[in-house]
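**Q** Starting off with a structure, shown below.
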Amino acid sequence: MGNHFIIIAGEEAGPASNKMGGIWNVIDEEAHTLASLFDSGKIKAKENTEILVAGPYFGHRGADWNRGLNRITDMEGLAPLSSDGELEKCLKTLESEGIKVFTGEEMAGETRIGYLQFQTSDYGKIRSSYMGKEMTLESRIKAEAYELLGLDSLKYESLPNGAEYTHYLSLSHSISELIRLLIGSAPRTADTWAEEGAGKDLIPCPGISLHCHEFGTFYAPARLKKLGIPINTVATLHATLPGRAAGYSSIQKRRNNDSTWPPGVPENLASLEALALYADTVTAVGESTRQEARLFYGINGIVIRNGITIESEKIDWNRKELCLSGIRNFLSENLYRYYGGEKIEPEKIIPIFTISRIEVENKGYPDLLDSLVALEHIIRNSILEGHMEEKIKVICFLVTAEGPKADLPEGFPVHLPKDVLVGNELRLQQMIEERGLDFPKLVRGKHSVAAVLYPQIISETDGGLGMGVRDFMAGCCAGVFPSRYDPFLLTGLEAGREGTPSVVSRVCGFSDAIKTIESLIEGLGGVIVVDNIDLSYYETVLEYALAISYFTRNFVDDRVKYKLLCREAFLLAKDMDWRKPAEQYYELISGARFCMRENENPAKSKN
């Protein structure tokens, strides 16, 4: 094999689909950071190294296994994949087996990033055979998975989330099948590799490295291991399924060394997550996830944090002011249009936000809403004492959704009819109203704090503010992320990238990572960490309210200090860039510790 392929795989991999954040952000950043490190010479890549990103292809509505998400893969703007004869031949072989792969590429500097998107939705219709028996490709994949690893797909596909399990298994199989074809048409056993390496001090180093993000692709390294193909593999856990099910109580489980699984863990998906054990190395994005993997699966791993890419050297204050003005004007105009009362001056509105998946308890929405009630009292007292203007209004956007929406009413989300909402969106709206944080009291002058649900994936064409998510974050005065369970909290870094300070919970991995940034320990507080582990609920809620008050008060009364807070949040995010994690991943997936470079002195390599 002439090329060295680095394959980065995940369920949300590949060109962006209409989904908020997630694993795709991480995979995309890893691929592009590796490319920039190769170009700069900071990583000495093996000769003819290529980066391939592998994931699913959802070509039309209804192709997604999750009809609620209704994702559609967007590959526009990519050039055709300029694959060499080896890769092209393997892709054609896959297609002859019924495995359709949509391809494309883009250049990141001088390095090519190829995209391989596997369409699994038709596997139940394609004819194949296994052990001399005619069956569908989907059945063949399940039969082999049972033979190799004992995965009981007959049972797992009958569970309520059977379609999800089947998709992940099919996707992982397809990725591993491509690798098997690239290594060689006939699978070799571990003994065969050992015999070929006899008399050498170094283990064989095949020309493929595989990095799998999350359980949806963990069957790939497990299948390759069972087939005796010893490529370098890394499995990264961004959370664990038992940990997610336990939510905030997972902290207590870790403290008590309680390895029993909480109710609600999907057995079929957990069986895929447990396959991380077959990877050469298991990594976790935060210390809590690493501990969960050991507690629930007996898997020992290492922590490699997430990061973010920031190309600019300073905050664009003009952009922030323009974005802030856009949000303020939108709120002022639509509050007056749909709720009447005295028109609120745009300059009196202080927008803040939270953004996450719609996991009501795990993401701490009750804590946030209760803290906004406490903030109302803090602001009221500040007004009575003459420390704050009477007409200041703090409005918190809750950006979270069950899925993307179309044909939204004018004025959305200020104008938010109940028939627009579904599932937990309705529950959140009810929680807002129960606490008196809805708009009627705000416009009548009785309250200074309100919350507005934004049940949509933010974009320039979302039917709401009409802003990209980065502009939205830049225009808000602060972010608030009160997660009770969050392995890392990438949105905290994303806010910092836009020069927006934030309040984060201690439970998230981001707060652990902050401790490693020594240069900012004595800072002003561009990121405030609230202890939601050891404090009581009421103390935690008050701490969130005081932290939000700190940012809003400085925004109103001391813009110089507020800008210093923004700058600190920006520098913190910049210090937590993707370079170090990408270098660590490359060392693991390339086998750099074990593979001798060409013309390198063997004796020297042992020292």
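**Q** Would you mind checking the tilt of helix 317-339 against the longest principal axis of the Cα atoms of the chain, expressed as 0 to 90 degrees and rounded to 10?
**A** 60 degrees
**Q** Using the Cβ atoms and a cut-off under 10 Å, what net charge is assigned to the surroundings of GLU359, where Lys and Arg are +1 and Asp and Glu are -1?
**A** Cβ neighbours under 10 Å give a net charge of +2.
**Q** For GLY98, what charge total do you get from the other residues with a beta carbon under 12 Å from its beta carbon, if Lys and Arg give +1 and Asp and Glu give -1?
**A** Taking every Cβ under 12 Å from that of GLY98, the sum is -1.
**Q** To test your reading of the geometry: what angle, between 0 and 90 degrees and rounded to tens, separates the Cα axis of helix 23-40 from the longest principal axis of the chain?
**A** 70 degrees
**Q** Can I ask one more? Defining a contact as two alpha carbons under 8 Å apart and six or more residues distant in sequence, what relative contact order in percent does region 317-582 show?
**A** 22 percent
**Q** Listed highest first by mean packing, meaning other Cβ atoms within 10 Å per residue, what order do 120-126, 107-113, 395-401 come in?
**A** 395-401, 120-126, 107-113
**Q** Turning to a different aspect of this structure: Can you figure out the FRET efficiency of GLU587 with ALA163, using R₀ = 41 Å and their beta-carbon distance, to the nearest 0.05?
**A** My answer for the efficiency is 0.65.
**Q** A further question on this structure: Quick check for you: which residues of region 295-329 have the amide N under 17 Å from the point 7 Å beyond the Cα of ARG470 toward its beta carbon?
**A** Label zone hits: 307-324.
**Q** Could you point to the label whose value was computed as Cα Rg over 2.2 N^0.38 Å for the structure here, given (i) 1.54; (ii) 1.02; (iii) 1.32?
**A** Comparing each candidate, only (ii) matches the computed number.
**Q** With every protein chain kept in place and ligands, DNA and RNA left out, what is the accessible area per residue of the chain? Probe 1.4 Å, answer in Å².
**A** 43 Å²
**Q** What distance in nm lies between label points placed 7 Å from Cα along the C-beta direction at LYS418 and SER129?
**A** 6.1 nm
**Q** Using per-residue counts of other Cβ atoms within 10 Å, averaged over each peptide, order 551-564, 241-254 from highest down.
**A** Output ranking for 551-564, 241-254: 241-254, 551-564.
**Q** Continuing with this model, one more query. If I stretch the segment between GLU311 and LYS561 completely, what's the gain in nm (0.36 nm per residue apart, minus their alpha carbon distance), one decimal?
**A** Between GLU311 and LYS561, full extension yields an extra 87.6 nm.
**Q** Taking Cα pairs under 8 Å and at least six residues apart, what relative contact order does the chain come out at, in percent?
**A** 13 percent
**Q** Right, something else. Quick check on the chain: helices-only [θ] at 222 nm, where DSSP H runs of length 4 and up contribute -39,500 (n - 2.57) each and the sum goes over total residues. Nearest 500, please.
**A** -12500 deg cm²/dmol
**Q** Also: When ranked by the protection proxy of mean other Cβ atoms within 10 Å per residue, highest first, what sequence do the peptides 74-81, 292-299, 143-150 form?
**A** 292-299, 143-150, 74-81
**Q** In addition: At 7 Å along Cα-to-Cβ for each site, give me the label-to-label distance between TYR538 and HIS377 in nm.
**A** Result: 0.9 nm between the two label points.
**Q** Once you sort the root eigenvalues of the Cα gyration tensor of region 317-582 as a ≥ b ≥ c, which label holds: rounded (a/c under 1.5), prolate (a/b larger than b/c) or oblate (the other case)?
**A** rounded
**Q** What spacing in nm lies between the two simple spin-label points modelled at ARG319 and LEU426, each 7 Å away from Cα in the Cβ direction?
**A** Output for this residue pair reads 4.0 nm.
**Q** Which whole-Hz couplings ³J(HN,Hα) result when phi for each residue of region 533-538 is put into the Karplus expression 6.51 cos²θ - 1.76 cosθ + 1.60, θ = phi - 60°, listed in order with x for Gly and Pro?
**A** Here the 3J(HN,Hα) series is 9, 9, 6, 5, 4, 5 Hz.
**Q** Okay, next question. With θ taken as phi - 60° and the coefficients 6.51, -1.76 and 1.60, list the Karplus ³J(HN,Hα) couplings across region 567-575 in order, rounded to whole Hz; mark glycine and proline as x.
**A** In residue order, the calculated couplings are 5, 5, 4, 5, 5, 4, 5, 5, 5 Hz.
**Q** Turning to a different aspect of this structure: Efficiency by 1/(1 + (r/R0)^6): what FRET value for GLU345 and LYS441, r their Cβ-Cβ distance, R0 = 22 Å, to the nearest 0.05?
**A** 0.75
**Q** Which net charge results when you count Lys and Arg as +1 and Asp and Glu as -1 among the other residues whose beta-carbon is under 15 Å from that of GLY326?
**A** -4
**Q** While we're looking at this one, here's another question. Hey, with R₀ at 22 Å, roughly what FRET efficiency would ALA406 and ASP122 work out to, going by the Cβ-Cβ distance, to 0.05?
**A** The value I calculate is 0.25.
The values are calculated or read from the model by the stated rules, or taken from the named source; none is laboratory data. Fair warning: this is a prediction, and the values are worked out from it, not measured in the lab. Cβ atoms come from the backbone with ideal geometry, glycine included; neighbour counts cover every protein chain shown. With ligands, DNA and RNA removed, areas are computed over all heavy atoms of the protein, side chains included. Shrake-Rupley method; radii C 1.70, N 1.55, O 1.52, S 1.80 Å.
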